[in-house]
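The values are calculated or read from the model by the stated rules, or taken from the named source; none is laboratory data. Since the structure is predicted, the reported quantities are computational estimates derived from the model, not experimental observations. For neighbour counting, all protein chains shown are included, and Cβ atoms are generated from backbone atoms with ideal geometry for every residue, glycine included. Heads up: the accessible areas ignore ligands, DNA and RNA and are worked out on the full protein's heavy atoms, side chains in. Shrake-Rupley method; radii C 1.70, N 1.55, O 1.52, S 1.80 Å.
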Protein chains: 2
Amino acid sequence: MDCNSVGLVKPQTFNFGSTDNPLVLESGHLLGPVDIVFETYGAPNADRSNAILILHALSGNHHAAGYNDPHDRQTGWWDGMIGPGKPFDTNRFWVICSNIIGGCKGSTGPTSIDPLTGAPYGLNFPIVTIGDMVEAQKRLVDHLGISRLYSMAGGSMGGFQVLEWALRFPDMVRSAICIASAARLSAQAIAFNSIGRSAIIRDPEWKEGQYNGKGPEQGLAMARMIGHITYLSEMLLDVKFGRRLQSANRFSYNFTSEFAIESYLNYKGSTFTQRFDANSYLYITKAMDYFDLSRAYGPLKQAFARIKARCLFVSYSSDWLFPTLQTKEMVRALLSNGKPVSFIEVDSPFGHDAFLLEEEKLGRIVSGFLTGVGKEVEA
Amino acid sequence: MDCNSVGLVKPQTFNFGSTDNPLVLESGHLLGPVDIVFETYGAPNADRSNAILILHALSGNHHAAGYNDPHDRQTGWWDGMIGPGKPFDTNRFWVICSNIIGGCKGSTGPTSIDPLTGAPYGLNFPIVTIGDMVEAQKRLVDHLGISRLYSMAGGSMGGFQVLEWALRFPDMVRSAICIASAARLSAQAIAFNSIGRSAIIRDPEWKEGQYNGKGPEQGLAMARMIGHITYLSEMLLDVKFGRRLQSANRFSYNFTSEFAIESYLNYKGSTFTQRFDANSYLYITKAMDYFDLSRAYGPLKQAFARIKARCLFVSYSSDWLFPTLQTKEMVRALLSNGKPVSFIEVDSPFGHDAFLLEEEKLGRIVSGFLTGVGKEVEA
């Protein structure tokens, strides 16, 4: 085991809204009881002013670092970023990663039991928004006795949550790190999400969302395959796969998946179905499509006037799903409000997934930023 | 009716290989009898040296200009380019557009009757390549008494055919116009095609390709939707649709297609199923994936040494499916062989579909090029 690992971690569950004070969703629906599954790394200081909240992306979860079991062969999804001496340094910070509502990793979502029926919600689960996810996280942060977060960080949809936090609860966010993200999805990104949902909904095994067991595996695999292409750059695919055939040098002259890129996508699609729920995929991508800071808070310049956090934005040169242009739009809006903002475009061939793959580059940037935030507090 | 229209046109059919001399496909299979459906516009000159062959793309067909019926509300797919006084000027040229084999518009393909069984081929149709399509066109061109084509032109997969012609039959191609195309598909483009095929193959209505009637409409619509995103630029989608909702200003908070871009893609997907066969979609995209000039003829510089045609390459600035980089690679290979080559990147927001949509810009380029070819002949 990596000696800089946070080691064994046990997920915890926070429950609220079972008897009163349910979550009032943006749609107007009430949601309760609500479970929030989360992990913490490091320890709180005396006044709990050293907490950093990590927000995960579409297919992520609360298990961001370390191991849940001594036999685990894989660590949490951001293990290179979180641990003693790492960028989110658990010797200094109390790092918390919470699982979003609507997902399928323990927090309340469509696979949870609907108290009204005693059966899984399925499509009776209400639509949740990024704002609703953040409201639920706010309950957790309150429960943990944190009045102001030292920082928060997230990539992609995690970045949406960072932005929503900074705008919705400006007094609770001292600094914010928004990576490979945007103030809203482009029409193209909505289109890819929508086609992914269509693949699930058109799969006869979906059964209007009331499937039992395996469910629409074919549709979910398709959705993941489509998504996966958008996470990687064209150049990376050419370098990694090119036109290489999987197992022979001769064409098969049939419709088997013979190019290496095809096998790779099939593999990514089918493994995803083993770890993700199709209805959750519908709910989470819909939340992404709905996210639009300007719709909720007005034009960006006006919206960002309320931000009190010191912000860091990171984008990646080959990310075509969340291109740098969209990050620059946010940086400009903060600058025009005279807000402190740091921005860097990282040169990377890895496309959108760079925020998960380029940990060393990102780590240096995050370390410097967090140190700067600390100095500002001391000054 | 446009006074520069070629007017009413009747498709013709050329049949070969019914008793002997079938097509020997690259896979080694024999194909015969073979029907080739084609249209001609303008008239041949005395020595038939004024023929221009038009090659169509994935979802195109032989009906490139004019009307097939006086009541037709739509003209052929390149009507702005072909006609009296138009870039492919039918006052000067004898323009021929032939339907590819493997398609579903009359030329022999998977919907045709298999003479061995008396039933439609379905998946018993052999895999055809771009080279096989060109071999079939060569039979047509021979049949029409043309020893050398004045020019040929095609966009996207039509460009593949142009390149294959110029390499396979260099003495028969006086000039060649290759638009929004490449010497091979990128891994990303193969991935999109492959996912489209998966959508069809995973549709239970596909029935291993032996469907009757409607067939895998859901899968084919999905494939078209995926393809359609790749044909347009991100910027165009943002300008044309952005985050606009289709029919209300309030979110529906359910999984209906509420963004305008979603409705548009659904429309494009479902109308496509009314005019295209799912098996043909499999065969044609597979032919595209297999196309690779370097595999057949060696590295580009070596391959292009055999070209005798004067070449024009056109790419579009916002085409991310066939980016300009891929065209430049071919232009460099021709230049390094000392071949005459013209190249222009057209500034356009329309993405890959620009070759169909930006007729005025393309028209000026093509007119000039064809005139230049004529002068060269006279000189």
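Suppose we keep only residues that are among the small types (Gly, Ala, Ser) and either out of contact with any Lys or Arg (no Cβ under 6 Å at 6 or more places or on another chain) or under 13 Å from A:Leu163 (Cβ atoms) (or both) within segment A:326-341. Which one would you say is least open to solvent (accessible area, probe 1.4 Å)?
Among them, the one singled out is A:Ala333.
Would you call A:Met225 facing another protein chain (nearest Cβ under 10 Å) and either closer than 14 Å to A:Phe276 by Cα or without any contact (Cβ under 8 Å) to a residue 60 or more places away in the chain (or both)?
Here the answer is yes, as A:Met225 does meet what is asked.
Just one of A:Gly227, A:Gly215 is buried (at least 17 other Cβ atoms within 10 Å of the Cβ), more than 25 Å from B:Tyr283 (Cα to Cα) and small (Gly, Ala, Ser); which is it?
Exactly one of A:Gly227, A:Gly215 is buried (at least 17 other Cβ atoms within 10 Å of the Cβ), more than 25 Å from B:Tyr283 (Cα to Cα) and small (Gly, Ala, Ser), namely A:Gly215.
Here is a yes/no grid of residues against (1) within 9 Å of chain A (Cβ to nearest Cβ); (2) surrounded by 24 or more Cβ atoms within 10 Å (Cβ to Cβ); (3) not hydroxyl-bearing (Ser, Thr, Tyr):
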residue	(1), (2), (3)
B:Pro170	no, no, yes
B:Ile177	no, yes, yes
B:Ala182	no, yes, yes
B:Ala187	yes, yes, yes
B:Ile190	yes, yes, yes
B:Arg197	yes, no, yes
B:Ile201	yes, no, yes
B:Gly209	yes, no, yes
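Restricting to segment A:255-268, name every residue that is part of a helix (DSSP H, G or I) and open to solvent by 10 Å² or more (accessible area, probe 1.4 Å).
A:Ser263, A:Tyr264, A:Asn266, A:Tyr267, A:Lys268
So, A:His71, is that one free of Cβ contacts under 8 Å to residues at least 60 places away in the same chain, more than 14 Å from chain B (Cβ to nearest Cβ) and touching a Lys or Arg at 6+ places or on another chain (Cβ under 7 Å) or not?
No; evaluated as a whole, the condition is false for this residue.
Filter segment B:82-114 down to residues that are within 16 Å of B:Asn61 (Cα to Cα) and crowded, with 23+ Cβ neighbours inside 10 Å, then give me how many there are.
Qualifying residue count, segment B:82-114: 14.
If the Cβ limit is 7 Å and pairs must be 6+ apart or interchain, which residue in segment A:107-119 that is over 15 Å from A:Asn212 (Cα atoms) and assigned by TED's automatic domain parsing to the domain that holds A:Ala136 pairs with which residue that is open to solvent by less than 40 Å² (accessible area, probe 1.4 Å) and among the small types (Gly, Ala, Ser)?
Listed by first residue and then by second, the contacts come to A:Gly109/A:Gly102; A:Gly109/A:Gly103; A:Gly109/A:Ser280.
Just to check your reading of the model, which residue among B:Leu245, B:Leu220 is modelled with pLDDT of 95 or more and either surrounded by fewer than 19 Cβ atoms within 10 Å (Cβ to Cβ) or over 19 Å from the mean Cα position of the chain (by Cα) (or both)?
Every option except B:Leu245 fails the conditions.
The rows are residues; the columns are (1) in contact (Cβ under 8 Å) with a residue 12 or more places away in the chain; (2) in the same structural domain as B:Ile100 (by TED's automatic domain parsing); (3) open to solvent by 40 Å² or more (accessible area, probe 1.4 Å); (4) not aliphatic (A, V, I, L, M).
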| position | (1), (2), (3), (4) |
| --- | --- |
| B:Asn4 | yes, no, yes, yes |
| B:Gly7 | yes, no, no, yes |
| B:Ser18 | yes, yes, yes, yes |
| B:Asn21 | no, yes, yes, yes |
| B:Glu26 | yes, yes, yes, yes |
| B:His29 | yes, yes, yes, yes |
| B:Gly32 | yes, yes, no, yes |
| B:Val37 | yes, yes, no, no |
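Among the residues of segment B:1-25, what is the count of those that are under 20 Å from the mean Cα position of the chain (by Cα) and within 14 Å of chain A (Cβ to nearest Cβ)?
Qualifying residue count, segment B:1-25: 1.
Against the conditions (1) closer than 30 Å to B:Asp114 by Cβ; (2) at the interface with another protein chain (Cβ under 9 Å from one of its Cβ atoms); (3) open to solvent by less than 50 Å² (accessible area, probe 1.4 Å); (4) touching a residue at least 12 places away in the same chain (Cβ under 8 Å), where does B:Leu237 fall short? Just the number, please.
Of everything listed in (1) closer than 30 Å to B:Asp114 by Cβ; (2) at the interface with another protein chain (Cβ under 9 Å from one of its Cβ atoms); (3) open to solvent by less than 50 Å² (accessible area, probe 1.4 Å); (4) touching a residue at least 12 places away in the same chain (Cβ under 8 Å), B:Leu237 misses just condition (1).
Any idea which of B:Tyr231, B:Tyr253 is closer than 30 Å to A:Phe291 by Cα, out of contact with any strand residue (DSSP E or B) (no Cβ under 6 Å at 6 or more places or on another chain), hydroxyl-bearing (Ser, Thr, Tyr) and at the interface with another protein chain (Cβ under 8 Å from one of its Cβ atoms)?
Being closer than 30 Å to A:Phe291 by Cα, out of contact with any strand residue (DSSP E or B) (no Cβ under 6 Å at 6 or more places or on another chain), hydroxyl-bearing (Ser, Thr, Tyr) and at the interface with another protein chain (Cβ under 8 Å from one of its Cβ atoms) holds for just one of B:Tyr231, B:Tyr253, which is B:Tyr253.
Which count do you get for residues in segment A:240-250 that are at the interface with chain B (Cβ under 9 Å from one of its Cβ atoms) and not in a loop (DSSP other than H, G, I, E, B)?
Residues in segment A:240-250 being at the interface with chain B (Cβ under 9 Å from one of its Cβ atoms) and not in a loop (DSSP other than H, G, I, E, B): 1 in total.
Which condition number does B:Glu205 fail, the rest of (1) assigned by TED's automatic domain parsing to the domain that holds B:Tyr297; (2) charged (D, E, K, R); (3) in contact with a Pro (Cβ under 6 Å, 6 or more places away or on another chain) being met?
Just one mismatch for B:Glu205, condition (1).
So in segment A:256-268, with the set limited to residues that are at pLDDT 95 or above and touching a helix residue (DSSP H, G or I) at 6+ places or on another chain (Cβ under 7 Å), which one is farthest from the other protein chains (Cβ to nearest Cβ)?
The selected residue is A:Lys268.
Considering segment B:137-149 alone, what residues qualify as being in contact with a strand residue (DSSP E or B) (Cβ under 6 Å, 6 or more places away or on another chain), open to solvent by less than 10 Å² (accessible area, probe 1.4 Å) and part of a helix (DSSP H, G or I)?
If the condition is that a residue be in contact with a strand residue (DSSP E or B) (Cβ under 6 Å, 6 or more places away or on another chain), open to solvent by less than 10 Å² (accessible area, probe 1.4 Å) and part of a helix (DSSP H, G or I), then B:Gln137, B:Leu140 are the ones that fit.
To keep it simple, each residue is scored yes or no on (1) in contact with a Cys (Cβ under 7 Å, 6 or more places away or on another chain); (2) more than 26 Å from B:Gly213 (Cα to Cα); (3) among the aliphatic types (A, V, I, L, M).
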| residue | (1), (2), (3) |
| --- | --- |
| B:Ile36 | no, no, yes |
| B:Ala43 | no, yes, yes |
| B:His71 | no, yes, no |
| B:Trp78 | no, yes, no |
| B:Gly83 | no, yes, no |
| B:Ile100 | no, no, yes |
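Here is a check on your reading of the model: is B:Met152 open to solvent by 10 Å² or more (accessible area, probe 1.4 Å) and within 23 Å of B:Gly368 (Cα to Cα)?
no
For segment A:269-325, how many residues meet the condition of being part of a loop (DSSP other than H, G, I, E, B), within 11 Å of another protein chain (Cβ to nearest Cβ) and open to solvent by 40 Å² or more (accessible area, probe 1.4 Å)?
Counting residues in segment A:269-325 that are part of a loop (DSSP other than H, G, I, E, B), within 11 Å of another protein chain (Cβ to nearest Cβ) and open to solvent by 40 Å² or more (accessible area, probe 1.4 Å) gives 1.
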